[in-house]
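S.K.: Just passing along the structure, written as structure tokens.
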Amino acid sequence: MKVSGFLLAGLAALSMAGCATRGPATDSPVLRDPEALAAAQAAQGTRTAWLGSRPDWSFAGRVAVNANGKGGSGRIDWQQTGAGYLVALSAPVTRQSWRLSGDLQSRGARLEGLEGGPREGSDADRLLREATGWDIPVASMVHWVRGVADPSVPPEAMEYDTEGRLRTLTQQGWRVDYLDWFPAEGAQPRMPRRMEARRQGATVKVAVDQWQLAPQ
């Protein structure tokens, strides 16, 4: 299916609103000490459980997507309510936008803002590929963007930096690098500030400006 010219033109028109999503791959040292690594893994388990008890959350920031040389960047607002999600992407320069909504349990999704009107499908990943040409693992991104592994499939590898923070997550053929973190605030653990998910021919970069985590 032809890539939507409306979407690509709108995003490419940005001179680089998503420029903050660019940056070198993380070069922080990998944690090797067995005792410190065990402590980091335990802390990640505690963090994962804390986030799992708060299924309602949102963030605002910027995103840059590339699929085989095609893509763009813009503002992103992600609202998650349990299994339901609403992802809005906008290009401020052209005032164009699209919205992806769906449910992780039913896997149904709806994409609005494309030429020809809204499109619906039973699989969000396939819907995005067919409508835009982009390769974005939506269900996994729900977890990756918060700095945790997708619980549906065991990760192939998880690395931590010398501060005990998740550095790299490899899962389902994707490598996710965590380049920067917001510090912990009270009971709230560290949250990703900047991340990049890559696999052959596809890249998704996210830079978060603000997190909102609903109380338990």
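S.K.: Which residues, taken from the stretch 86-99, are of a type outside the set (D, E, K, R) and surrounded by fewer than 19 Cβ atoms within 10 Å (Cβ to Cβ)?
M.R.: Scanning the stretch 86-99 gives L86, A88, P92, V93, T94, Q96, S97.
S.K.: Which residues, counting only those in the stretch 207-216, are aliphatic (A, V, I, L, M) and part of a loop (DSSP other than H, G, I, E, B)?
M.R.: Hit for the stretch 207-216 is A214, nothing else.
S.K.: Still on this structure, please answer the following. Which number in (1) open to solvent by less than 50 Å² (accessible area, probe 1.4 Å); (2) over 19 Å from P192 (Cβ atoms); (3) of a type in the set (A, V, I, L, M, F, W, C) marks the one condition that A42 misses?
M.R.: Condition (1) is where A42 drops out.
S.K.: Regarding A64, is this residue closer than 16 Å to W144 by Cα, of a type in the set (G, A, S), under 18 Å from the mean Cα position of the chain (by Cα) and modelled with pLDDT under 95?
M.R.: In short, yes.
S.K.: Another one. Can you tell me which condition T132 does not meet? The list is (1) touching a residue at least 60 places away in the same chain (Cβ under 8 Å); (2) among the polar types (S, T, N, Q); (3) farther than 25 Å from G74 by Cα, and all the others hold.
M.R.: (3)
S.K.: Kindly state which strands (runs of 3 or more DSSP E) lie completely within the stretch 48-99 and contain at least 3 residues that are aliphatic (A, V, I, L, M) and closer than 23 Å to R190 by Cβ.
M.R.: Where strands (runs of 3 or more DSSP E) fall fully within the stretch 48-99 and carry at least 3 residues being aliphatic (A, V, I, L, M) and closer than 23 Å to R190 by Cβ, they are 56-67.
S.K.: Is there any pair linking a residue in the stretch 181-202 that is at negative phi and of a type in the set (D, E, K, R) to one that is open to solvent by 50 Å² or more (accessible area, probe 1.4 Å) and not in a loop (DSSP other than H, G, I, E, B), with Cβ under 8 Å and at least six apart or on different chains, and which?
M.R.: R193/D180; R194/D180; R198/R175; R199/R175
The values are calculated or read from the model by the stated rules, or taken from the named source; none is laboratory data. This is a predicted model, so every value here is computed, not measured. Heads up, the Cβs are rebuilt from the backbone with ideal geometry, glycines too, and the neighbour counts pull from every protein chain shown. When the accessible area is computed, the model is the full protein with side chains, heavy atoms only, and any ligands, DNA or RNA have been set aside. Shrake-Rupley method; radii C 1.70, N 1.55, O 1.52, S 1.80 Å.
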